[in-house]
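The values are calculated or read from the model by the stated rules, or taken from the named source; none is laboratory data. Please read all numbers here as calculations on a predicted model, not as lab measurements. Here Cβ is always computed from backbone atoms with ideal geometry, including for glycine, and neighbour counts include all displayed protein chains.
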Ligand code: MF3
Ligand code: CO
Ligand code: CO
């Protein structure tokens, strides 16, 4: 709501939810048309990167090679990589590379490295966040190398189904908690476990904004979703447990591993909440 101006019907609708004690977005979380256009352009480059990797990733490539490809494509398109030197501000060392490459049992925040090459049967998540003219788009995909075991392939597929189910329920005038509820239900039905310690998030003007988007049922409504909000949905699925741990061998203190040390899978999109549903900005 702009200061001093008469509240619009839209403002009043949001206030009516607030009056009922529900969490509503602050004005800065509702993007202007100019911001949406900027985030959309960041999303187009981001999608170009993940598409390019579909052709480039195969047996023998190192995660350092993937990082280089991401960095080069990004620079060529006049953009920058948000992960590079990203600082949480909590004493964790800044992230050292341009993207996250999470191989097999690595759940998230895997760090590209020259000594890590991809083998037949591996699965890897590449998570890319692109900044273009100050606007952010964040997405990730799974890439499978050669002959992946059926159960692991199923994990990868089910994680994608979970993202799609999240997309179906992410509508205006519902609450962000609905997303996790629906995702967890689908994962459970398929015998998989949703990681709880990492969440989706608002994005667009900054890397990580409010609200937190849980992918499990946290038994709370969470923030109201309204047209103009931009969020990520990025479920992570494990085989036998939702628990994860921080890799003690990672000097940067970023790499998160599944407690069972079995493969883990994740897919991510950045979406705009619209009047009727949502629009994927990283398609
Ligand atoms: N892209 C991740 C996300 O989906 C965050 C990675 S932070 C980094 O939110 F520093 F590791 F890149
Ligand atoms: Co994200
Ligand atoms: Co991401």
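Do we find a residue being under 30 Å from residue 181 (Cα atoms) and either in contact (Cβ under 8 Å) with a residue 40 or more places away in the chain or crowded, with 19+ Cβ neighbours inside 10 Å (or both) anywhere in segment 53-75?
So far as segment 53-75 goes, no, none of its residues is under 30 Å from residue 181 (Cα atoms) and either in contact (Cβ under 8 Å) with a residue 40 or more places away in the chain or crowded, with 19+ Cβ neighbours inside 10 Å (or both).
Filter segment 110-136 for residues that are under 17 Å from the mean Cα position of the chain (by Cα), part of a strand (DSSP E or B) and within 17 Å of residue 50 (Cβ to Cβ) and give the result.
Matches in segment 110-136: 124, 125, 126, 127, 128, 129, 130, 131, 136.
Restricting to segment 91-130, give me the number of residues that are more than 12 Å from ligand 1 (Cβ to nearest atom) and either in contact with a strand residue (DSSP E or B) (Cβ under 9 Å, 6 or more places away or on another chain) or at pLDDT below 95 (or both).
Selection size over segment 91-130: 13.
Of all residues in segment 1-35, which are part of a loop (DSSP other than H, G, I, E, B) and loosely packed, with under 15 Cβ neighbours inside 10 Å?
2, 3, 4, 5, 6, 7, 8, 20, 21, 22, 26, 32
Return the residue satisfying two criteria in turn: it lies in segment 269-283 and is within 16 Å of ligand 3 (Cβ to nearest atom) and crowded, with 22+ Cβ neighbours inside 10 Å, and of such residues it is nearest to residue 208 (Cα to Cα).
270
May I ask you to list the residues in segment 207-218 that are in a loop (DSSP other than H, G, I, E, B) and in contact (Cβ under 8 Å) with a residue 12 or more places away in the chain?
207, 214, 215, 216, 217, 218
With the requirement that a residue be in contact (Cβ under 8 Å) with a residue 60 or more places away in the chain and closer than 15 Å to residue 57 by Cα, what does segment 123-149 give you? Don't jump to the end; show me each part of the working.
To start, the set of residues in segment 123-149 that are in contact (Cβ under 8 Å) with a residue 60 or more places away in the chain comprises 123-143, 145-146.
Once the filter is applied, which keeps residues that are in contact (Cβ under 8 Å) with a residue 60 or more places away in the chain and closer than 15 Å to residue 57 by Cα, segment 123-149 yields 123, 124, 125, 126, 127, 128, 140, 141, 142, 143, 145, 146.
Being within 16 Å of ligand 2 (Cβ to nearest atom) and under 27 Å from residue 87 (Cβ atoms) is the filter here, so list the residues in segment 256-271 that pass it. Walk me through how you get there before you give the answer.
At the first step, the residues of segment 256-271 found to be within 16 Å of ligand 2 (Cβ to nearest atom) are 256, 264-271.
Selection gives 256, 264, 266, 267, 268, 269, 270, 271.
Restricting attention to segment 164-206, which residues are part of a loop (DSSP other than H, G, I, E, B), in contact with a helix residue (DSSP H, G or I) (Cβ under 8 Å, 6 or more places away or on another chain), within 15 Å of ligand 2 (Cβ to nearest atom) and under 28 Å from residue 154 (Cβ atoms)?
170
Return a yes/no flag: does segment 36-56 have any residue that is away from ligand 2 (no atom under 16 Å from the Cβ) and in a loop (DSSP other than H, G, I, E, B).
Among the residues of segment 36-56, not one is away from ligand 2 (no atom under 16 Å from the Cβ) and in a loop (DSSP other than H, G, I, E, B), which makes the answer no.
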